[in-house]
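S.K.: Starting off with a structure, shown below.
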Amino acid sequence: MKQQTPTTITNGRLVTAQGVTKGGIRFAGGVIEAAGDVAPRDGDEVVDAKSRLIAPGLVDFGVFAIDKPAFHFGGITRAALMPDQSPPLDLPSRVSYIAKSGKPDLWVHPLAAATRELAGRELAEIGLMKEAGARGVATGRRWIADSGVMLRLMQYAAMLDLVVVSHAEDGGLAGDAVATAGEMATRLGLPSAPAQAEALAVARDIALAELSGARLHLRQVTTAAALDLVRAAKQRGMAVTAGVTPAHFMLSDLATAEFRTFARLSPPLRSEADRQAVIEAIADGTIDVIASGHDPRGPEDKRLPFADAEPGMAGAETLLAMTLNLVRDGAIDVARAIELLAANPARLLGVEAGVLREGYEADIALIDPDKPWIVDTAKMAASARNTPFDGQPTQGRATALWKGGVRITG
């Protein structure tokens, strides 16, 4: 599937690192030719943006399942897939298969398993998996407890110039906890772990990254203490980045009050103070990536007692709208939102995407930031519809989407 006809989008508002400016964009042969004050040429397909935002397609960093309809609904054109598959992505053949699986209308960038079978003991063949298409190496849903293994992983990844994606939660402290220790967990009688389980893991991984020179991405940082550690590491000039999902800046542990398993997440929802700290970290640049954490779970995993339910949420369809809430609340502007959703994750993956730049692939989203809609599990396109935002009125939709210059939706 290749772009057959050059396309010019006019009368829009371009979202770039410098801000939002009136203009248009032209793309041909699957790549961006010009952005700004552009005019259509003879033979172009012309699309009137009608003052909507012209933005790069979103790059969703660290999903657990590929749901094309859900991703396209959310304006997502690329996704970095976690290695927690069945079987896990710990062999070059599996990585190669995944790297080709979504094309042409969605590019999937596999993250290689750090250890064999994601067991945290023996390093996988990371070099061969990079050759097969891996764009990073990840510890999976769990923390690697053995610091010696983690150091060797980081040293190896540094030599290969691969980002290390870590799950920041000390497994010894977290154990089988399903909630954050505090008043809410006590009232509900849920097995809980202290928020410091995250800070301890972050401190260890930052120390090892500093020792090895590796690029470290902490996939979810959700507590004030851990965010302070990331902030300090950045101030020292370390190549450390942090991510978060909308659940942890939209919801606190109060959302678990009725034992709704759609709010059973990993890491668990935190206190209101931590939620506010996440928003502050998004605003001041401590957090680099907002990702959906897309992890759809069916009734067999969610219609269980809270402590027995599997963690995870279907997040692809709500990612953009929830992030735009931060814009409406004045925490960030639109340019920063797109940086978090597209430019920064693309930079981590080392792909020419995520920004409206001449020569980059024409992954383009037309976004109406004010379009109202209601999150409704009955209408979701994901393979499973477990969202903690069910029934919530929201605003912001990708109304048209192009992948490599070919129109996918809208």
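S.K.: If you go through the range 72-99, how many residues are in contact with a strand residue (DSSP E or B) (Cβ under 6 Å, 6 or more places away or on another chain) and crowded, with 24+ Cβ neighbours inside 10 Å? Full working, then the answer.
M.R.: Here is the first cut: in the range 72-99, the ones in contact with a strand residue (DSSP E or B) (Cβ under 6 Å, 6 or more places away or on another chain) are 72, 75-83, 88-90, 95, 98-99.
Now drop any that are not crowded, with 24+ Cβ neighbours inside 10 Å, which leaves 75-83, 89-90, 95.
Summing the residues that are in contact with a strand residue (DSSP E or B) (Cβ under 6 Å, 6 or more places away or on another chain) and crowded, with 24+ Cβ neighbours inside 10 Å in the range 72-99 gives 12.
S.K.: Please identify the pairs in which a residue from the range 197-217 that is closer than 19 Å to M159 by Cβ has its Cβ atom under 9 Å from the Cβ atom of a residue that is among the acidic types (D, E) and buried (at least 24 other Cβ atoms within 10 Å of the Cβ), counting only partners at least 6 apart or on another chain.
M.R.: Note: pairs meeting the criteria are L216/D205; H217/D288.
S.K.: Criterion first (buried (at least 17 other Cβ atoms within 10 Å of the Cβ), among the aliphatic types (A, V, I, L, M) and either outside any loop (DSSP other than H, G, I, E, B) or out of contact with any Ser or Thr (no Cβ under 7 Å at 6 or more places or on another chain) (or both)) does L153 satisfy it?
M.R.: Details: buried (at least 17 other Cβ atoms within 10 Å of the Cβ): yes; among the aliphatic types (A, V, I, L, M): yes; either outside any loop (DSSP other than H, G, I, E, B) or out of contact with any Ser or Thr (no Cβ under 7 Å at 6 or more places or on another chain) (or both): yes.
Criteria met by L153.
S.K.: Out of the residues in the range 384-410 meeting the condition of being in contact (Cβ under 8 Å) with a residue 60 or more places away in the chain and closer than 18 Å to A263 by Cα, tell me which one is surrounded by the most Cβ atoms within 10 Å (Cβ to Cβ).
M.R.: Applying the filter and picking the extreme gives N386.
S.K.: For the range 344-353, indicate whether the set of residues that are touching a Pro at 6+ places or on another chain (Cβ under 7 Å) and under 30 Å from S51 (Cβ atoms) is non-empty. Talk me through it step by step, then tell me what you get.
M.R.: Step one: of the range 344-353, the residues touching a Pro at 6+ places or on another chain (Cβ under 7 Å) are 353.
Those still in the list that are under 30 Å from S51 (Cβ atoms) too: 353.
Yes, the range 344-353 has at least one match.
S.K.: Can you pull out every residue in the range 67-85 that is assigned to a loop (DSSP other than H, G, I, E, B) and touching a helix residue (DSSP H, G or I) at 6+ places or on another chain (Cβ under 7 Å)? Give the derivation first.
M.R.: Residues of the range 67-85 that are assigned to a loop (DSSP other than H, G, I, E, B), as a first pass: 67, 74-75, 82-85.
Scanning the range 67-85 gives G74, G75, P83, D84.
S.K.: Take G312 and decide whether it is at pLDDT below 95 and not acidic (D, E). Lay out the reasoning, then the answer.
M.R.: Numbers: at pLDDT below 95: yes; not acidic (D, E): yes.
Yes.
S.K.: Within the range 100-119, which residues are touching a helix residue (DSSP H, G or I) at 6+ places or on another chain (Cβ under 8 Å), farther than 17 Å from A65 by Cα and surrounded by fewer than 19 Cβ atoms within 10 Å (Cβ to Cβ)?
M.R.: Once the filter is applied, which keeps residues that are touching a helix residue (DSSP H, G or I) at 6+ places or on another chain (Cβ under 8 Å), farther than 17 Å from A65 by Cα and surrounded by fewer than 19 Cβ atoms within 10 Å (Cβ to Cβ), the range 100-119 yields nothing.
S.K.: I'm trying to understand the selection: among the residues of the range 81-96, which are touching a Gly at 6+ places or on another chain (Cβ under 6 Å) and under 30 Å from A55 (Cα atoms)? So that I can check it myself, show each step before the final result.
M.R.: Applying the first criterion (touching a Gly at 6+ places or on another chain (Cβ under 6 Å)) to the range 81-96 yields 82-84, 95-96.
Within the range 81-96, M82, P83, V95, S96 qualify.
S.K.: While we're here: Does the range 337-373 hold any residues that are crowded, with 18+ Cβ neighbours inside 10 Å and free of Cβ contacts under 8 Å to residues at least 12 places away in the same chain, and which are they?
M.R.: R347
S.K.: Something else now. Checking the condition under 14 Å from A337 (Cα atoms) and either at pLDDT below 95 or surrounded by fewer than 18 Cβ atoms within 10 Å (Cβ to Cβ) (or both), which residue from D288, D284 passes?
M.R.: Numbers: D288 fails: either at pLDDT below 95 or surrounded by fewer than 18 Cβ atoms within 10 Å (Cβ to Cβ) (or both).
Just one listed residue meets the conditions, D284.
S.K.: Out of T245, T256, which single residue is more than 28 Å from L160 (Cβ to Cβ) and surrounded by 23 or more Cβ atoms within 10 Å (Cβ to Cβ)? Give the steps one after another, and end with the answer.
M.R.: Values: T245 fails: more than 28 Å from L160 (Cβ to Cβ).
So the residue among T245, T256 that is more than 28 Å from L160 (Cβ to Cβ) and surrounded by 23 or more Cβ atoms within 10 Å (Cβ to Cβ) is T256.
S.K.: Does P88 satisfy being in a loop (DSSP other than H, G, I, E, B), in contact with a helix residue (DSSP H, G or I) (Cβ under 7 Å, 6 or more places away or on another chain) and in contact (Cβ under 8 Å) with a residue 24 or more places away in the chain? Spell out the reasoning first.
M.R.: On the way: in a loop (DSSP other than H, G, I, E, B): yes; in contact with a helix residue (DSSP H, G or I) (Cβ under 7 Å, 6 or more places away or on another chain): yes; in contact (Cβ under 8 Å) with a residue 24 or more places away in the chain: yes.
Taking the combined requirement at face value, the residue satisfies it.
The values are calculated or read from the model by the stated rules, or taken from the named source; none is laboratory data. Note that the structure is a prediction, hence the values are computed from the model and not measured. When we count neighbours, we look across all protein chains shown, and the Cβ atoms used for this are built from the backbone with ideal geometry, even at glycine.
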